[in-house]
Amino acid sequence: MLFSCSLRYVFRYAAQKSHPGYAAAVLANSNLVVDGTWDDHDFGMDNADGFTFDATTKDAHKAEILDFLDAASNDERRLLGRGLYTSRVVGPRGEVDVVLLDTRYNRNEHELLGKAQWAWLNDHFAQSTAEVTVVVSSVQVLAEGRTSLHEGWWAYPQERQRLVETMVSHGIKAPLLVSGDVHFAELSAHTCSSSSSSATLAEMTSSGMTHAWAHGADGARHHWWPVHYTKHWLMLVSQHVLGATAWTYQYPGAFYLDLNLGEVSKHSKRNNDNNDNNSTTPKLSFGNELWFS
């Protein structure tokens, strides 16, 4: 039986908060809110699902990440038996709805989110009046052509279709997907069309700030394992050779294999000058603009 490793997370989360860079960029900024969801290693094990741990262990791991996020004691996510899903309204007018999904707590071979989370998501979208909706999934949503070594909504096509249909049925405005997990950055899109109209659903994948495919000397032990080199090679073949068929969801050339950090900015009108001359701004590897009427 697997035992709880929550004590390990106590030390790791404490180390993160005490890191000079994190403390300077995050903790010293009173206007910055840090929130999020988890993926497999935060949950407790590589490629873990809802049956990897018992309920007590899952809730112990959940408590540690919520403490790291400084979640309030009455935060609904602290309820036992409940996943880490939630939402947060941001923006000067509260016009942006950030929806954080949990693809781990109740995952099984047939579904990613579980009945309780689907019911919550449906109710949340039904009440939403946001101008922009950012849906955060720990694993990629639009990606196709992956191998069985990768995780993502592609392995749950009915769940993915349900997610899209739920947003459409509730008239969600300006939806944007944000994901991680894969250790590289990518911009993707899918066009949803009918006989009278069409709309683009875009996804930004940012992964990661400390571990990435093209950063093998970063001290991450698993990057030296042969299986990960093999996965890297297969991914490159898919990107460059099979791109016309297996990667049709991807914006052309919109992937980056080194360390990365994604950013989403909302503007009320087009800015024809996209050059940022601020010397303190990191170099932009690639980007894209989406405009909604």
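Whole-Hz Karplus values for region 85-95 come out as 6, 6, 9, 8, 8, 10, x, x, 10, x, 8 Hz, taken residue by residue from phi with 6.51 cos²θ - 1.76 cosθ + 1.60 and θ = phi - 60°; glycine and proline positions read x.
For the pair V34 and L7, a Förster radius of 22 Å applied to the C-beta separation gives a FRET efficiency near 0.50, rounded to the nearest 0.05.
Filter the chymotrypsin sites (Phe, Trp or Tyr not before Pro) in region 46-125 down to the DSSP loop ones having no more than 12 other Cβ atoms within 10 Å, then list what survives.
Hits after loop and neighbour filter: F51.
Taking the fewest neighbouring Cβ atoms within 10 Å as the starting point, the ordered list for H110, H190 is H110, H190. Rounded to the nearest 5, the antiparallel percentage of DSSP beta bridges internal to region 68-209 is 50%. Rounded to whole Hz and in sequence order, give me ³J(HN,Hα) for region 113-125 from the Karplus expression 6.51 cos²θ - 1.76 cosθ + 1.60, θ = phi - 60°, writing x for Gly and Pro. Once rounded to whole Hz, the list reads 9, x, 4, 5, 5, 4, 5, 4, 5, 4, 5, 5, 5.
Only the coordinates and a few stated rules stand behind these numbers; no lab work does. Fair warning: this is a prediction, and the values are worked out from it, not measured in the lab. Cβ coordinates were reconstructed from backbone atoms using ideal geometry, including for glycine residues, and neighbour counts include every protein chain displayed.
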